[in-house]
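A.B. asks: Sharing a structure below in structure tokens format, with a few things to ask.
Quick note: the coordinates plus some simple rules give every number you see, no bench work behind them. On a predicted model such as this, the values are computed, not experimentally measured, just so you know. Here the Cβ is made from the backbone with ideal geometry for all residues, glycine too, and neighbour counts use every protein chain on show.
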There are 2 protein chains.
Amino acid sequence: MRWARIQHEGKATYAVVADEQLRLVTGTPFGEYRETGVSVAQHSAHWLSPVIPPTFYCVGLNYTAHIEMAARARGQEPVFPSQPDVGYRAVNALTGHHQPIVLPPDVTEKVQYEGELVCVIGTEAKHLTRANALDCLLGFTIGNDVSERTWQASDRTMWRAKNTDTFKPMGPWIETELDLDAALTRVRVNGEELIEFNTNDMLFGVVDYLVAITQYITLVPGDVLWMGTEGHAKNLQVGDVVDIDITGIGTLTNRVEASA
Amino acid sequence: MRWARIQHEGKATYAVVADEQLRLVTGTPFGEYRETGVSVAQHSAHWLSPVIPPTFYCVGLNYTAHIEMAARARGQEPVFPSQPDVGYRAVNALTGHHQPIVLPPDVTEKVQYEGELVCVIGTEAKHLTRANALDCLLGFTIGNDVSERTWQASDRTMWRAKNTDTFKPMGPWIETELDLDAALTRVRVNGEELIEFNTNDMLFGVVDYLVAITQYITLVPGDVLWMGTEGHAKNLQVGDVVDIDITGIGTLTNRVEASA
């Protein structure tokens with residue numbers, strides 16, 4: 001089952017994805033819902049981030065080649081994380097499928113994509129075990145962890161490097177069934193495939209993170225956990241169209257624009 | 001004017017503070033509200049965090065002696081921030097006035113308080129100027145940035161060191177009028193005053209942060225910005241009662257407890 005969230009008649013509305021149609025509901029996938037009988041065609045939808053999380057978790061370093069390449073870019077030896085320490089991103093930066101990534105006037109040329117698997121929490125969870133951890137998930141979606149590398153290197157925190165408005169496209173929808181071991185993540189820019197990796201080839205996997213986080217922290221419905229990216233990205237330019245594709249979920253598409 | 005948020009008949013409810021009474025309203029201070037005619041005495045209230053922010057901003061290093069002492073504890077020279085780079089905390093960790101700070105079983109002895117001024121955003125804001133920055137504020141409250149220093153030093157991020165459930169008490173209420181230059185922050189543990197500083201003696205002030213953040217980021221009603229702390233804290237023990245007092249706002253009180 002696939003859950004989209006769209007702007008409809010001025011309101012954020014959840015919808016069930018049924019082929020090319022989005023069947024609108026009242027309520028949300030996190031609680032009770034009821035189909036309204038109204039549908040919107042996918043091609044005419046105004047897509048929103050499929051959820052606005054109470055807390056936005058994000059794994060920074062979780063794939064081998066990405067860590068090696070990031071270290072090399074800094075002239076350092078790679079250091080691999082020894083435990084699943086999670087980080088945070090900010091809700092202001094979220095945007096939806098087919099919405100623009102808007103570059104502020106003072107960005108440098110080093111604006112890059114990062115294609116990521118996103119876990120969406122469905123039920124409140126604390127003290128999860130390896131056996132029951134996945135039960136708290138509603139499903140999975142796709143994130144593009146857009147990053148301004150000059151600011152990432154110069155600032156004490158990643159506030160503007162990663163959390164500038166529109167720098168966190170998420171979508172297109174939440175897929176409730178996914179064979180994670182069979183999934184490939186592919187990033188295309190203007191149709192050219194630049195990165196392909198096995199989505200589940202993580203240093204610490206979804207279960208590792210869910211168990212570790214909930215030893216101290218209560219996850220609640222709507223929280224999201226972005227799982228990190230693999231590979232080394234190229235710079236994006238105004239006009240570029242980024243597709244992030246994960247097998248079994250779909251494709252998140254966003255165009256890079258300059259701020260007005 | 002002072003805005004509290006309490007648990008009343010099973011629901012989170014805003015209330016206007018009127019001496020010892022909390023006058024309940026429907027709605028919120030961020031939009032329309034109406035007094036219900038029902039009051040609850042302060043001494044019998046179940047206090048909640050006065051707001052659950054969409055994004056929870058927090059300044060890490062913003063007072064001179066705190067930066068010097070933290071560097072000395074690491075055996076390093078102090079480095080003072082050169083620009084207002086903001087960080088993040090997590091909503092799961094928030095709790096209210098008179099609610100317990102609950103220590104997980106595996107914390108070390110190095111659990112410490114940090115008394116902080118908190119700005120509460122009242123209206124959507126982007127591209128603020130020095131002249132209009134403060135207009136976006138609803139008011140101010142108090143935060144205790146409880147920190148487990150062993151985890152803060154060992155982990156790659158501050159996820160559990162600062163964001164374990166209940167590690168972010170906030171309250172007791174939002175004060176809409178404050179003479180910031182006249183304010184003193186005082187921290188007491190079991191009634192003994194351990195820290196006192198001029199609240200506004202910051203390296204980068206409220207206006208600096210609001211202007212910098214909104215160059216890239218849209219602030220929205222309910223967002224909070226914790227402004228950092230001064231001085232060097234002592235370790236807390238189970239049973240300790242921490243008061244954080246800011247002149248003109250009030251006192252945030254929380255007791256340290258062991259997890260059940």
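A.B. asks: Provide an ascending nm list, one decimal, of label-point separations from A:LYS234 to the equivalent residue in each further copy; define each label point as 7 Å from Cα along Cα→Cβ.
C.D. replies: Values, ascending and in nm: 6.1.
A.B. asks: Could you work out which residue, out of A:ASN235, A:ASN62, A:ASN163, moves most in a Gaussian network model of chain A, that is, has the largest mean-square fluctuation with Cα springs under 10 Å?
C.D. replies: A:ASN235
A.B. asks: When only C-alpha pairs under 8 Å and at least 6 residues apart count, what is the relative contact order of chain B, in percent? Provide the component values of the computation, followed by the final result.
C.D. replies: Working: 646 pairs, mean separation 67.7, N = 260.
The value is 26 percent.
A.B. asks: Which far-off residues, 5 or more places away or on another chain, put their amide H under 5 Å from the one on A:PHE167, with H placed in the peptide plane?
C.D. replies: Answer set, sorted by chain and number: none.
A.B. asks: In the Gaussian network model of chain B, springs joining C-alpha atoms below 10 Å, which of B:PRO81, B:PRO169, B:PRO105 carries the largest mean-square fluctuation?
C.D. replies: B:PRO105
A.B. asks: HN-Hα J couplings of region B:230-237 from phi, Karplus 6.51/-1.76/1.60, θ = phi - 60°, integer Hz, Gly and Pro as x?
C.D. replies: Whole-Hz 3J(HN,Hα) from phi for region B:230-237: 10, x, 10, 7, 9, 6, 9, 10.
A.B. asks: Now for a different question. Of the GluC sites (Glu not before Pro) in region A:7-69, which ones lie in a loop per DSSP and count no more than 12 other C-beta atoms within 10 Å?
C.D. replies: A:GLU9, A:GLU20, A:GLU32
A.B. asks: Could you quickly flag the chain B residue whose beta carbon comes closest to the rotation axis taking B to A, and that distance in whole angstrom?
C.D. replies: B:TYR88, 2
A.B. asks: Shielding of A:55-62 by partners, i.e. mean partner chain Cβ atoms within 10 Å per residue? Don't jump to the answer; show the numbers that get you there.
C.D. replies: Working: counts 9, 5, 4, 1, 1, 2, 1, 0.
The per-residue average across the peptide is 3.
A.B. asks: Quick check: pseudo-label points 7 Å beyond the Cα along Cα→Cβ at A:SER44 and B:LYS11, how many nm apart are they?
C.D. replies: If labels sit at A:SER44 and B:LYS11, their model points lie 3.8 nm apart.
A.B. asks: Filter the trypsin sites (Lys or Arg not before Pro) in region A:101-168 down to the DSSP loop ones having no more than 15 other Cβ atoms within 10 Å, then list what survives. Spell out each step's value before the answer.
C.D. replies: On the way: sites: A:LYS110, A:LYS126, A:ARG130, A:ARG149, A:ARG156, A:ARG160, A:LYS162; in loops: A:LYS110, A:LYS126, A:ARG130, A:ARG156.
Answer in residue order: A:LYS126, A:ARG130, A:ARG156.
A.B. asks: Separate question: Report the net charge of residues surrounding B:GLY96, where surrounding means a beta-carbon distance below 12 angstrom and charges are Lys +1, Arg +1, Asp -1, Glu -1. If you can, show how the numbers build up before the last one.
C.D. replies: Details: positive: B:ARG5, B:LYS168; negative: none.
Once all neighbours under 12 Å are counted, the net charge is +2.
A.B. asks: Across chain A, how many lysine pairs, 8 or more apart or on two chains, come within less than 20 Å at their alpha-carbon atoms?
C.D. replies: Count of close lysine pairs: 5.
A.B. asks: Right, here's the next one. Give the residue list of GluC sites (Glu not before Pro) in region B:79-133 that are DSSP loop and have at most 13 other beta-carbon atoms within 10 angstrom.
C.D. replies: B:GLU109, B:GLU124
A.B. asks: Compute the distance from the alpha-carbon center of region A:1-48 to that of region B:110-183, in whole Å.
C.D. replies: About 36 Å separates the Cα centre of region A:1-48 from the one of region B:110-183.
A.B. asks: Top mean-square fluctuation among A:GLY37, A:GLY231, A:GLY171, Gaussian network model of chain A, C-alpha springs under 10 Å?
C.D. replies: Its mean-square fluctuation being the largest, the pick is A:GLY37.
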